[in-house]
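What follows is a single structure, written as structure tokens, with notes after it.
The values are calculated or read from the model by the stated rules, or taken from the named source; none is laboratory data. Computed from a prediction, not measured in an experiment: that's the story for all the values here. Glycine also receives a Cβ, built like all others from the backbone with ideal geometry; neighbour counts cover every protein chain displayed.
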Amino acid sequence: MKRSAPLALALAFACLNPFSAFAANPEKPECVAPAKPGGGFDLTCRIIQTGFLEAKTLDAPMQVTFMPGGIGAVAYNLFNTTRTDDPNAVVAFSSGSLLNVATGKYGEWTEKDARWVAMAGTDYGAVIVKADSPYTDLKGVMEALKADPTSVVIGAGGSVGSQDWMKAALLMKAAGADPKKMRYVAFDGGGESIAALLGGNIGLYTGDIAEMSAHLDAGTMRVLAVMHSERLGEPFDKVPTAKEQGYDVQWPIIRGYYMGKKVSDEAYNAWVELFKKSYENDAFNQIVKDKGLFKLNIAGKEMEEYIHNDVAKLRTLAVEMGLIEAPK
Amino acid sequence: MDVILSGLGQGFAVALQPFNLFLVLAGCFFGTLIGALPGIGPINGVAILLPIAYSLGFPPESALILLAGIYYGAEYGGRISSILLNVPGDAGAVMTTLDGSPMAKRGEAGRALSLSGVASFVGGSVAIVLLTLFAPALAAFAVKFSPADYVALMVFAFTSLASLVGKNGIKTLLAAAIGLMIASIGVDANTGVMRFTLGSPELMAGIDFLVIVIGLFGMAELLHLVESYARGTLKTLPVDSTFVSWADIFAVKWVMLRSSIIGFIVGVLPGTGASVASAVSYGTEKRLAGESGKSFGTGDIRGLAAPESANNASASGAMVPMLTLGIPGSGTTAILLGALLLFNITPGPMLFQQKPDIAWGLIASMYIGNVALLVINLPLVGLFARLLTIPQQYLTPMIAVLAFIGVYSVVGDPFDLYLAVGLGVLGWVLRKLEFSLAPVILGVVLGNLFEDNLRRALSISGGDWSILLQSSNSLILYGLAILVVALPIVISRMLKARQNKAV
Amino acid sequence: MADRIFAAITLLIVVAYGWAAFMIIKAPFQYDPLGPESWPRILSVLAGLCCLWIIFKPDVDKIDITHNVLVRLVIMVVLLLGYAYLFEHAGFILSTTGFCIGAAYLLGAKPVHALIFGAATGIIGYVLGAKLLALNLPAGLFKSLF
């Protein structure tokens with residue numbers, strides 16, 4: 001019975017929406033998670049799998065398939081070689097995928113080789129220390145890093161050049177220290193990093209804010225700053241931004257979907273409309289929130305522009321950090 | 001203690017509700033079947049059923065109980081194809097093939113299956129009791145375990161496995177090196193640099209462990225069967241109705257207990273799971289067996305009981321950091337964690353205070369599930385053992401089909417199928433040349449853990465190697481490593497000296 | 001001899017591996033003193049020495065394989081490779097049916113039995129795997145039917 005209210009609302013929207021009569025939904029919708037089951041890409045796909053169902057924007061059940069390999073490279077490759085015009089499938093991606101595109105880890109394929117459909121939502125970088133850490137605000141830790149870049153051991157869930165590392169490197173830059181001089185430890189994912197932080201093996205963890213929701217009440221860790229321009233809503237409203245503490249470090253971790261580059265405008269637009277319709281649905285937004293993401297409703301043309309800008313920015317950043325040579 | 005008892009009481013009240021009880025049993029049953037398929041393990045089982053449980057609108061504790069049932073069931077079922085077909089059912093069941101398969105080949109499939117069922121039960125039970133009593137303390141221990149300590153743990157694992165040396169020590173070393181080299185393929189976890197990927201995106205994430213296992217064991221076994229057929233030595237085994245005896249169980253009681261404890265502790269540590277747990281316990285038991293350990297690998301019941309107790313114990317151990325800290329210790333617990341979040345339950349230190357019915361209900365369901373698995377599995381032994389009476393010309397192709405399903409369901413990329421076939425040929429050649437395959441697999445399992453943690457430790461210390469000897473955990477593990485190597489030598493010297501005196 | 005041939009081939013691969021480890025692999029920068037190249041270097045030296053040892057002191061002289069056995073093994077490997085090739089192209093049902101017929105026949109089943117067994121494994125396998133367990137098995141040519 002609980003579900004009837006959003007359901008009625010969804011129906012109302014479906015009737016009101018002028019596009020619903022025109023846009024033909026994909027017949028056999030599929031979301032490709034370019035990883036093994038259980039990770040962030042799986043989650044990204046589950047958002048539209050359950051979200052579209054609960055929002056009643058899509059009747060056909062969506063299939064989620066897995067395509068691990070090369071942090072999304074295998075999927076990016078496949079959608080650029082054989083499934084370039086598949087009208088039924090969208091592939092999940094994240095900021096990490098974009099960084100790989102920017103640094104050339106996806107081989108010859110660039111951001112121009114995919115049609116970017118829509119966002120699922122976003123997360124933001126966070127600067128986290130253990131509860132008994134001597135650092136109580138961002139300023140303290142930044143000044144310590146400035147004085148001696150090796151004074152705090154920083155850990156996160158990705159290798160050098162990953163987006164987890166990028167957060168740490170940006171922090172170093174903002175502190176006025178050389179990112180190459182820091183002590184950085186790469187763990188296998190956020191779980192191991194948190195364990196290392198709690199065990200005192202690292203002093204600072206550059207993680208994501210959403211994963212902290214489980215730990216906020218426990219009082220075992222302290223979030224020094226969120227890497228966003230403004231404060232987030234409940235339950236993160238007490239977490240100060242890096243900007244308000246005098247360090248303008250911003251790092252959104254976006255999650256979204258792309259399709260092959262030769263997909264017809266018709267099929268592409270159908271998906272875009274599907275997203276736009278769902279963005280206005282409470283049940284869909286609730287699912288985005290439940291999965292630990294913040295609202296970021298961008299789809300269609302806007303989305304393509306956003307991604308192209310973002311990748312260009314990341315490319316400049318990667319050159320600055322010494323990850324890749326400047327493109328000729 | 002009172003808190004634990006009242007919590008458990010509350011938990012059993014939840015878990016014994018008829019509907020939840022039914023879910024535990026159903027989960028265990030399907031989990032066993034899923035686990036019995038080679039290559040399809042607990043991760044797939046839980047991942048497949050999570051959305052179904054969610055969409056059926058079960059209350060959170062029921063859904064979680066169902067998924068946990070599948071998790072243990074799959075861990076139980078992994079041994080079945082290891083024993084019957086010499087194809088590991090999942091990553092944690094590799095060591096089970098070493099002694100389980102020879103037992104089945106000499107007509108004791110029923111004994112092997114039932115004994116391993118009992119060993120799994122003991123492993124699971126010991127681990128759950130430890131979990132109930134010491135979870136918070138263990139969680140604190142797990143997070144304190146530093147990269148330097150993992151290095152020490154790997155050194156300990158390697159030394160206890162040195163007991164796996166076959167006839168030719170150099171060949172064992174080369175086999176391990178091949179495994180380590182295979183493990184080094186892919187993106188380097190520290191610097192993100194590609195290693196040995198030959199520009200192929202399929203190799204960027206490395207070769208999946210399951211593909212290696214199914215290739216080296218399953219495919220190689222297949223070729224071995226074809227070879228035996230061509231020689232005319234391939235026979236379909238008669239129905240065997242052997243069953244584990246009380247004497248068997250009694251003979252391995254200490255093996256099971258030790259392995260359970262080792263498995264549980266390894267499972268508690270984030271980053272190491274059933275495959276490391278079973279390997280370490282197998283190596284340790286073989287060392288401890290001394291002279292009589294020579295029969296390990298030829299169908300010794302101790303060599304079967306040790307890894308089976310350990311891998312089930314580690315499955316429960318992995319629950320500790322997930323429930324108490326919200327940190328998943330393995331791929332499967334990561335999915336269970338995802339399931340909790342899906343139901344708006346945040347695991348971690350507050351779980352036992354905020355949602356005691358769920359936390360304790362889950363723990364109680366582990367007790368029930370473990371008993372249920374034993375009850376479900378023992379009568380099925382005869383049925384599973386009958387698999388071997390399928391004529392070989394049909395059983396052999398079916399192994400290939402199962403292996404292909406398993407490999408393909410990992411990644412969904414036909415590239416892995418070729419890889420598995422290639423590894424099968426390699427495995428067959430290695431067997432022909434009297435290399436043992438276990439060191440290859442162990443090289444794959446332990447290689448990356450060793451290298452990554454060594455480099456993490458050195459990153460933390462800024463290049464100072466003394467960090468490796470700074471914690472008491474490391475020192476204890478190095479001490480144990482020396483003990484494991486030295487003890488059998490000392491004991492055999494003493495025995496000889498005594499004999500000489502007697503003469 | 002068999003040992004020597006195997007060790008020599010392995011040595012070639014190890015040399016190529018070592019060459020990559022010593023000459024190619026390098027990080028733009030790193031935070032640990034070992035970097036991505038040290039561990040593979042150690043492994044290549046270790047494996048190389050093992051291979052050399054086996055070349056000088058082999059212990060398995062000959063693998064006892066008759067022509068007949070070898071032919072059947074090669075046929076099996078070809079069948080497996082064909083199965084791998086057709087797995088996605090033709091879909092699970094057809095490729096499995098074909099492989100099972102071939103493999104069962106190779107192992108001495110009567111043609112009719114092999115045919116029945118192959119078709120049954122393909123169809124039942126697909127229903128169990130793809131429908132009941134929801135594994136992503138390629139439907140291939142039967143996509144429209146399911």
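So here's what we get for this one:
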read-out: Count of the stretch A:139-171 residues which are away from chain B (no Cβ under 14 Å) and surrounded by fewer than 22 Cβ atoms within 10 Å (Cβ to Cβ); value: 6
read-out: Unique match (being within 14 Å of chain A (Cβ to nearest Cβ), buried (at least 24 other Cβ atoms within 10 Å of the Cβ) and touching a residue at least 24 places away in the same chain (Cβ under 8 Å)) among B:Ala68, B:Ala74; value: B:Ala74
read-out: Number of the condition not met by A:Glu305 [criteria: (1) part of a helix (DSSP H, G or I); (2) surrounded by fewer than 19 Cβ atoms within 10 Å (Cβ to Cβ); (3) touching a residue at least 60 places away in the same chain (Cβ under 8 Å)]; value: (3)
read-out: Residue match in the stretch B:316-334 (condition: within 18 Å of the chain's Cα centre (by Cα), more than 23 Å from A:Ser193 (Cβ to Cβ) and surrounded by 24 or more Cβ atoms within 10 Å (Cβ to Cβ)); value: yes
read-out: Test: B:Ile345 is within 19 Å of B:Leu33 (Cβ to Cβ), surrounded by fewer than 20 Cβ atoms within 10 Å (Cβ to Cβ), out of contact with any Phe, Trp or Tyr (no Cβ under 8 Å at 6 or more places or on another chain) and modelled with pLDDT under 90; value: no
read-out: Residues satisfying the stated conditions in the stretch C:71-104, i.e. surrounded by 19 or more Cβ atoms within 10 Å (Cβ to Cβ), more than 8 Å from every other protein chain (Cβ to nearest Cβ) and free of Cβ contacts under 8 Å to residues at least 40 places away in the same chain; value: C:Leu79, C:Leu86, C:Thr97, C:Ile101, C:Gly102
read-out: Only one of A:Glu192, A:Glu244, A:Glu211 that is within 24 Å of A:Gly121 (Cα to Cα), at the interface with chain B (Cβ under 10 Å from one of its Cβ atoms), not in a strand (DSSP E or B) and not basic (Lys, Arg); value: A:Glu211
read-out: Candidates B:Leu23, B:Leu66, B:Leu85, B:Leu56, filtered to the one that is within 25 Å of B:Ala310 (Cβ to Cβ) and either modelled with pLDDT of 85 or more or not polar (S, T, N, Q) (or both); value: B:Leu85
read-out: Output for the stretch C:29-43, where each listed residue is crowded, with 17+ Cβ neighbours inside 10 Å and either within 17 Å of B:Ile460 (Cβ to Cβ) or at the interface with chain B (Cβ under 7 Å from one of its Cβ atoms) (or both); value: C:Gln30, C:Tyr31, C:Asp32, C:Leu34, C:Gly35, C:Pro36, C:Trp39, C:Pro40, C:Leu43
read-out: Meets criteria (more than 29 Å from A:Gly190 (Cβ to Cβ) and either assigned to a loop (DSSP other than H, G, I, E, B) or touching a helix residue (DSSP H, G or I) at 6+ places or on another chain (Cβ under 6 Å) (or both)) for A:Val263; value: yes
read-out: Matching residues in the stretch B:441-462 - criterion: being free of Cβ contacts under 8 Å to residues at least 60 places away in the same chain, among the aliphatic types (A, V, I, L, M) and surrounded by fewer than 23 Cβ atoms within 10 Å (Cβ to Cβ); value: none
read-out: Residue that is surrounded by the most Cβ atoms within 10 Å (Cβ to Cβ), among those in the stretch A:104-137 that are of a type in the set (A, V, I, L, M, F, W, C) and more than 26 Å from A:Ser229 (Cα to Cα); value: A:Ala114
read-out: Single residue of the stretch C:7-28 satisfying the filter (touching a residue at least 12 places away in the same chain (Cβ under 8 Å), of a type in the set (A, V, I, L, M, F, W, C) and within 7 Å of chain B (Cβ to nearest Cβ)) that is nearest to A:Phe187 (Cα to Cα); value: C:Ile25
read-out: Selected residue [within 14 Å of chain A (Cβ to nearest Cβ), touching a residue at least 24 places away in the same chain (Cβ under 8 Å) and touching a Lys or Arg at 6+ places or on another chain (Cβ under 9 Å)] from B:Asp208, B:Asp188; value: B:Asp208
read-out: Filter pass, A:Ser20 being of a type in the set (Ser, Thr, Tyr), over 25 Å from C:Leu133 (Cα atoms), at pLDDT below 85 and in a helix (DSSP H, G or I); value: yes
read-out: Any hit, the stretch B:391-399, residues being part of a loop (DSSP other than H, G, I, E, B) and either in contact (Cβ under 8 Å) with a residue 60 or more places away in the chain or facing another protein chain (nearest Cβ under 9 Å) (or both); value: yes
read-out: Close pairs from the stretch B:466-486: first among the aromatic types (Phe, Trp, Tyr), partner modelled with pLDDT of 90 or more, Cβ under 6 Å, at least 6 apart; value: B:Tyr478/B:Ala152
read-out: Criterion violated by A:Leu43 - all others in (1) buried (at least 23 other Cβ atoms within 10 Å of the Cβ); (2) among the aliphatic types (A, V, I, L, M); (3) under 22 Å from A:Ser213 (Cβ atoms) satisfied; value: (1)
read-out: Residues located in the stretch B:261-310, provided they are farther than 19 Å from B:Pro88 by Cβ and within 14 Å of another protein chain (Cβ to nearest Cβ); value: B:Val268, B:Leu269, B:Pro270, B:Gly271
read-out: Looking only at the stretch B:6-20, and only at residues there that are surrounded by 16 or more Cβ atoms within 10 Å (Cβ to Cβ) and under 10 Å from B:Pro356 (Cβ atoms), the one that is nearest to the chain's Cα centre (by Cα); value: B:Gly11
read-out: Pair list, Cβ < 9 Å and 6+ apart or interchain, from the stretch B:220-243 residues that are facing another protein chain (nearest Cβ under 10 Å) to residues that are among the hydroxyl-bearing types (Ser, Thr, Tyr) and surrounded by fewer than 16 Cβ atoms within 10 Å (Cβ to Cβ); value: B:Glu227/B:Thr233; B:Ala230/C:Thr66; B:Arg231/C:Thr66; B:Leu234/B:Ser228
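Residue-wise test of (1) within 12 Å of chain C (Cβ to nearest Cβ); (2) assigned to a helix (DSSP H, G or I); (3) over 22 Å from B:Val211 (Cβ atoms).
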residue	(1), (2), (3)
B:Asn448	yes, yes, no
B:Leu454	yes, yes, yes
B:Leu458	yes, yes, yes
B:Ser474	no, yes, yes
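Okay, residues lined up against (1) in contact with a Pro (Cβ under 8 Å, 6 or more places away or on another chain); (2) at pLDDT 85 or above; (3) not in a helix (DSSP H, G or I):
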{"residue": "A:Pro37", "(1), (2), (3)": "no, no, yes"}
{"residue": "A:Thr44", "(1), (2), (3)": "no, yes, no"}
{"residue": "A:Thr84", "(1), (2), (3)": "no, yes, yes"}
{"residue": "A:Pro87", "(1), (2), (3)": "yes, yes, yes"}
{"residue": "A:Leu99", "(1), (2), (3)": "no, yes, no"}
{"residue": "A:Arg115", "(1), (2), (3)": "no, yes, yes"}
{"residue": "A:Met119", "(1), (2), (3)": "no, yes, yes"}
